[in-house]
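Bear in mind these aren't lab numbers, they're just calculated from the coordinates by the rules spelled out. Everything numeric in this text was worked out from a predicted model, so none of it was measured. Quick reminder, even Gly has a Cβ in these numbers, built from the backbone with ideal geometry, and neighbours come from all protein chains shown.
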Amino acid sequence: MHLLHHILTKYPCSCIIVIATWVLCFIPIPETPLSDIRFIDKWTHSVIYLVLGVSICLEYIRTTKHPSPSFIVGWAWLVPLLMGGLIEILQSYCTNGNRSGEWLDFFADSLGSTIALIIGILLVRYRTKA
C-alpha cells in the first residue's frame, strides 16, 4: 500500500497517462479523416509512449535530489516497454477481434520509449551538472 501511495503522489501525471493508455488501447477506434494517413496508428503509439516516458523522467527528476540514469532505464523505458508488450498480447487474445495486437505497434511503442530514454538520460545529466 505504501508503494502505491508513493507512486500516486510522486508520479500523478504518469499515472493518468498509464490509465488513459490502457483505456485507449481497448476501446474500438472510430473511423476519422486521420485514418487515411499512412501509419497514423504507429505514430500514435510512438507519441503515447514518448509522452509517458518523458513524463516519468520529468516527475522523477522533479522529486529526486540526486537523479540516476539507471532509474530512467528501468522505470521510464523498460516498464513502458513491458506494458506495451502486455497490451499487444491482450489485444490479440482478449478483445474478440475489436482490436488486434501487432508487432509493428510494439515496435512503435519501443521507438517512443527509446526516444524518451534518450531524453531522460540527457535531462538527468543536465540536472546533475547544474
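Among G84, G101, G112, which one moves the most in a GNM of the chain with springs linking Cα atoms closer than 10 Å?
G101
Measure nothing but the geometry: give the 0 to 90° angle between the long axis through the Cα atoms of 12-26 and the longest principal axis through the Cα atoms of the chain, rounded to 10°.
Roughly 10 degrees between the two axes.
Computed over the Cα atoms of the chain, what is the convex hull's projected area averaged over all directions, in nm²? All intermediate terms of the calculation are to be shown ahead of the outcome.
Details: hull surface 35.7 nm².
With every direction weighted equally, the projected area is 8.9 nm².
If Lys and Arg each add +1 and Asp and Glu each add -1, what is the summed charge of the other residues whose beta carbon sits under 12 Å from the beta carbon of I48? Don't skip to the answer; put the middle values down first.
Values: positive: K42; negative: D41, D105, D109.
For residues surrounding I48, the net value is -2.
Extension gain R125-F26, at 0.36 nm per residue separation less the Cα-Cα distance, in nm? Don't jump to the answer; show the numbers that get you there.
Values: separation 99, 0.36 × 99 = 35.64 nm, distance 3.68 nm.
Answer, rounded to one decimal: 32.0 nm.
What is the helix-to-structure angle for 79-94, meaning the angle in degrees between its Cα long axis and the longest Cα principal axis of the chain, kept from 0 to 90 and rounded to the nearest 10?
For helix 79-94, the angle is close to 20 degrees.
Which of the chymotrypsin sites (Phe, Trp or Tyr not before Pro) across segment 38-117 are loop residues per DSSP, with 12 or fewer other Cβ within 10 Å? The partial results should precede the final answer.
Details: sites: F39, W43, Y49, Y60, F71, W75, W77, Y93, W103, F106, F107; in loops: F39.
Of the chymotrypsin sites (Phe, Trp or Tyr not before Pro), the ones in loops of segment 38-117 whose Cβ has at most 12 other Cβ atoms within 10 Å are F39.
Could you pull out every one of the lysines with an alpha carbon less than 19 Å from that of K10, ignoring same-chain neighbours closer than 8 positions?
Cross-link targets: K65.
Under a plain spin-label model, where a point goes 7 Å from the Cα along Cα-to-Cβ, how far apart in nm are K65 and F39?
In this crude spin-label approximation the distance works out to 4.5 nm.
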